[in-house]
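**Student:** A single structure is presented below for examination.
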Amino acid sequence: MFGRQGGAKGIVIAGDGNGNMNSASIEAAARVAEQGIFVVRSSRVPTGTVGRNIEVDDDRLGFIASDELNPATARILLMLALMKKRSLKDVQALYYAC
């Protein structure tokens, strides 16, 4: 998921439970999202979903919730989504469509 300049276009976080991270990680991910890099919150827990705006204010922070997709699958979908220029809202919709 690297751009032509070698920088990341997107990051998938494999968090706990609802794709949670500690406060330092949330702050770092928010800074990255402000730079236009897609940040997808996913969970390494075997079952359950990562809901949008439940425990983390995804709208304010600019994050995407992976819904039912595990980190590996969320990464594949993000790679496919980044093949075309899309908005944050459009990419989030792709995760809910799966």
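**Student:** Please tell me if ILE54 is closer than 17 Å to ASN18 by Cα, touching a residue at least 24 places away in the same chain (Cβ under 8 Å), surrounded by 18 or more Cβ atoms within 10 Å (Cβ to Cβ) and of a type in the set (A, V, I, L, M).
**Tutor:** Criteria not met by ILE54.
**Student:** In addition: Scan the helices (runs of 4 or more DSSP H) fully inside segment 58-98 and keep the ones with 3 or more residues being among the polar types (S, T, N, Q) and in contact (Cβ under 8 Å) with a residue 60 or more places away in the chain. Talk me through it step by step, then tell me what you get.
**Tutor:** On the way: elements: 58-61, 71-81, 88-97.
In segment 58-98, there are no helices (runs of 4 or more DSSP H) which contain 3 or more residues that are among the polar types (S, T, N, Q) and in contact (Cβ under 8 Å) with a residue 60 or more places away in the chain.
**Student:** In addition: Within segment 29-39, does at least one residue satisfy the condition of being over 26 Å from GLY7 (Cα atoms) and either in contact (Cβ under 8 Å) with a residue 12 or more places away in the chain or of a type outside the set (A, V, I, L, M, F, W, C) (or both)?
**Tutor:** Looking for residues that are over 26 Å from GLY7 (Cα atoms) and either in contact (Cβ under 8 Å) with a residue 12 or more places away in the chain or of a type outside the set (A, V, I, L, M, F, W, C) (or both), one finds none in segment 29-39, hence no.
**Student:** All but one of (1) surrounded by fewer than 16 Cβ atoms within 10 Å (Cβ to Cβ); (2) modelled with pLDDT of 95 or more; (3) aliphatic (A, V, I, L, M) hold for ILE64; state the number of the condition that does not hold.
**Tutor:** That leaves (1) as the condition not met.
**Student:** Just one of ILE76, ILE37, ILE11, ILE54 is over 12 Å from the mean Cα position of the chain (by Cα) and not charged (D, E, K, R); which is it?
**Tutor:** Sole residue among the options that is over 12 Å from the mean Cα position of the chain (by Cα) and not charged (D, E, K, R): ILE54.
**Student:** Of the residues VAL32, VAL45, VAL39, which single one is more than 14 Å from CYS98 (Cα to Cα), surrounded by 22 or more Cβ atoms within 10 Å (Cβ to Cβ) and not small (Gly, Ala, Ser)?
**Tutor:** VAL39
The values are calculated or read from the model by the stated rules, or taken from the named source; none is laboratory data. Since the structure is predicted, the reported quantities are computational estimates derived from the model, not experimental observations. Glycine also receives a Cβ, built like all others from the backbone with ideal geometry; neighbour counts cover every protein chain displayed.
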